[in-house]
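Sharing a structure, written as structure tokens. Questions coming.
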Amino acid sequence: MGNLLDGKVAIVTGAGRGIGRGVALELAAQGAAVLVNDYGVGLDGREPQSDMADEVVAEIRSHGGRAAANAQSVAEFDSAAKIVAQALDELGGIDILVTCAGFLRDRMVFNMAEEEFDAVVGVHLKGTFNCIRHVAPHLRQQGSGRIITFASGAGLFGNPGQSNYGSAKSAIGGLTKAVARDLGGYGVTVNAISPVAATRMTMTEATLKAREIRKKQGIVREESALRQLENLSPEDVAPMVAFLASEHAAGVNGQFFLCAGTSYSLLSQPRPIKTIFKEARWTVAELEEIVPQTLAEGLANPAPPIDPE
Ligand SMILES: NC(=O)c1ccc[n+]([C@@H]2O[C@H](COP(=O)([O-])OP(=O)(O)OC[C@H]3O[C@@H](n4cnc5c(N)ncnc54)[C@H](O)[C@@H]3O)[C@@H](O)[C@H]2O)c1
């Protein structure tokens with residue numbers, strides 16, 4: 001047990017299993033009282049069970065920590081308000097919000113149903129906003145707080161079959177940067193983690209196959225790409241979350257961290273890497289000439305046309 005977060009109250013969404021569970025246990029081990037939220041759904045977001053968070057709460061209490069369970073869905077604005085209200089009523093405050101809740105409904109874009117797109121954007125992007133929106137007034141008023149959101153390689157690099165999830169995760173990046181600016185002046189920091197860990201979300205045939213293909217193509221997205229996914233424990237992400245939640249990270253705001261197992265990286269912020277410029281508007285004929293030798297030179301197509309053979 002540490003005392004990094006003594007006296008703090010944290011909400012961790014989607015904390016019944018996977019990365020969120022590891023985060024809840026670590027924050028509690030560092031002294032925080034934790035509201036363990038989990039709607040208890042299947043990987044596709046269906047069939048909620050209300051007792052998913054109870055086991056994690058019991059585990060925290062068995063180690064002498066303080067915790068309460070919550071089974072509301074983050075995807076509904078009013079339910080998210082209840083999550084925050086419970087932290088205030090039962091645990092006496094709110095200092096830290098960590099948004100891990102989410103599910104997948106993968107399908108290639110040409111087959112994706114509108115409902116599949118809406119549901120995944122609803123739980124990840126809207127769910128993250130919902131929780132932030134309800135904690136923000138409290139954090140602003142007390143002049144301190146920490147928010148840690150969860151992005152993904154699917155939003156940073158793009159994965160086949162995840163137009164819904166990739167859109168939501170990329171937008172969580174934009175949300176994180178905007179809110180970091182809204183709240184930074186009030187002593188609140190907002191940072192995003194893009195994790196890689198062996199959970200039910202990633203130990204799927206499709207993910208393992210995609211990693212294998214990238215490996216064969218020599219594409220290294222993260223340091224862990226050459227390690228077996230099953231060796232990347234979801235608990236490995238938690239220490240970085242605890243650090244970002246602590247006073248030691250007061251100067252870290254609006255940043256993205258790739259946490260792949262035990263390999264932690266600061267991600268670059270997008271910036272122009274090549275520019276062409278002239279005073280008057282470009283003609284298409286000029287671009288035909290100049291772009292292949294400048295902006296488009298050496299670009300790799302992430303999904304080259306499939307050979308019909
Ligand atoms: N595992 C990875 O490698 C990886 C990679 C990139 C991003 N992420 C992100 O990290 C976060 C945690 O992922 P994980 O791998 O631990 O997944 P997981 O499936 O193990 O855990 C997610 C939890 O969220 C809960 N949940 C789903 N919908 C909910 C809702 N409406 N309200 C409250 N809880 C809900 C689920 O019941 C589940 O317990 C997610 O945001 C995920 O997108 C994970």
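The values are calculated or read from the model by the stated rules, or taken from the named source; none is laboratory data. Everything numeric in this text was worked out from a predicted model, so none of it was measured. Neighbour counts run over all protein chains shown; Cβ positions are idealised from the backbone, glycine included.
Provide a single number: the residues in region 96-138 that are closer than 17 Å to Lys8 by Cβ and buried (at least 23 other Cβ atoms within 10 Å of the Cβ).
Looking only at that region, the number is 6.
Within the set of pairs 6+ apart or on separate chains, which have a first residue in region 46-59 that is modelled with pLDDT of 95 or more, a second that is of a type outside the set (Phe, Trp, Tyr) and in a loop (DSSP other than H, G, I, E, B), and C-beta atoms under 7 Å apart?
These pairs meet every condition: Ala53/Ala15; Ala53/Gly16; Ala53/Asp38; Ala53/Ala71; Val56/Ala15; Val56/Gly16.
Restricting attention to region 227-236, does a residue exist that is within 11 Å of the ligand (Cβ to nearest atom), in a loop (DSSP other than H, G, I, E, B), at pLDDT 80 or above and on the phi < 0 side of the Ramachandran plot?
So far as region 227-236 goes, yes, one or more of its residues are within 11 Å of the ligand (Cβ to nearest atom), in a loop (DSSP other than H, G, I, E, B), at pLDDT 80 or above and on the phi < 0 side of the Ramachandran plot.
Next question, about the same structure. Among the candidates Ala296, Ala285, Ala280, which residue alone is within 27 Å of Val220 (Cβ to Cβ) and hydrophobic (A, V, I, L, M, F, W, C)?
Values: Ala285 fails: within 27 Å of Val220 (Cβ to Cβ); Ala280 fails: within 27 Å of Val220 (Cβ to Cβ).
Testing whether each residue is within 27 Å of Val220 (Cβ to Cβ) and hydrophobic (A, V, I, L, M, F, W, C) leaves just Ala296.
Which residue is surrounded by the fewest Cβ atoms within 10 Å (Cβ to Cβ), if the candidates are limited to region 54-92 and must be more than 21 Å from Gly31 (Cα to Cα) and touching a strand residue (DSSP E or B) at 6+ places or on another chain (Cβ under 8 Å)?
Per the criteria, the residue is Lys82.
Examine region 198-214 for a residue that is more than 11 Å from the ligand (Cβ to nearest atom) and part of a loop (DSSP other than H, G, I, E, B), and state whether such a residue exists.
Filtering region 198-214 for residues more than 11 Å from the ligand (Cβ to nearest atom) gives 205-206, 208-210, 212-214.
Okay, now just the ones that are also part of a loop (DSSP other than H, G, I, E, B), so none.
No.
Looking at region 1-34, which of its residues are near the ligand (Cβ under 8 Å from one of its atoms) and basic (Lys, Arg)?
Arg17, Arg21
Of the conditions (1) of a type outside the set (Phe, Trp, Tyr); (2) without any contact (Cβ under 8 Å) to a residue 60 or more places away in the chain; (3) surrounded by fewer than 21 Cβ atoms within 10 Å (Cβ to Cβ), Val188 clears all except one; give me its number.
All conditions are met except number (3).
If Asn37 satisfies all but one of (1) away from the ligand (no atom under 14 Å from the Cβ); (2) at negative phi, what's the number of the condition it fails?
All conditions are met except number (1).
Residue by residue through region 3-22, note down the ones that are more than 15 Å from the chain's Cα centre (by Cα) and closer than 13 Å to Leu35 by Cβ.
Listed by number, the residues that qualify are Lys8, Val9, Ala10, Gly16.
Shifting gears a bit: Residue pairs, Cβ under 7 Å, 6 or more apart or interchain, first in region 17-37 and within 18 Å of Gly93 (Cβ to Cβ), second of a type outside the set (A, V, I, L, M, F, W, C) and assigned to a strand (DSSP E or B). List them.
Leu35/Asn70; Val36/Asn70; Asn37/Thr13; Asn37/Asn70
Among residues belonging to region 65-105 that are in contact with a Cys (Cβ under 8 Å, 6 or more places away or on another chain) and within 11 Å of the ligand (Cβ to nearest atom), point out the one that is nearest to Arg46 (Cα to Cα).
Ranking the qualifying residues of region 65-105, first place goes to Val74.
Tally the residues that are under 25 Å from the mean Cα position of the chain (by Cα), hydroxyl-bearing (Ser, Thr, Tyr) and more than 30 Å from Gly185 (Cα to Cα), restricting the search to region 246-287.
So the answer is 2.
Another one. Can you name every residue in region 41-63 that is near the ligand (Cβ under 9 Å from one of its atoms) and within 21 Å of Leu125 (Cβ to Cβ)? Give the derivation first.
Keep residues of region 41-63 that are near the ligand (Cβ under 9 Å from one of its atoms), which gives 41-43, 45, 48-49, 52-53.
Across region 41-63, the qualifying residues are Val41, Gly42, Leu43, Gly45, Pro48.
Determine if region 46-65 includes at least one residue that is more than 22 Å from Ala249 (Cβ to Cβ) and assigned to a strand (DSSP E or B).
Checked region 46-65: no residue is more than 22 Å from Ala249 (Cβ to Cβ) and assigned to a strand (DSSP E or B).
On to the next question. Looking only at region 106-126, filter to residues that are out of contact with any helix residue (DSSP H, G or I) (no Cβ under 7 Å at 6 or more places or on another chain) and not aliphatic (A, V, I, L, M); which one of those is farthest from the ligand (Cβ to nearest atom)? Can you show your working first?
Taking region 106-126 first, the residues out of contact with any helix residue (DSSP H, G or I) (no Cβ under 7 Å at 6 or more places or on another chain) are 108, 110-111, 113-115, 118-119, 122-123, 126.
Of the ones still in play, those that are also not aliphatic (A, V, I, L, M) are 110-111, 114-115, 118, 122, 126.
On the way: Phe110: 23, Asn111: 21, Glu114: 19, Glu115: 15, Asp118: 13, Gly122: 8, Lys126: 10 Å.
This residue is Phe110.
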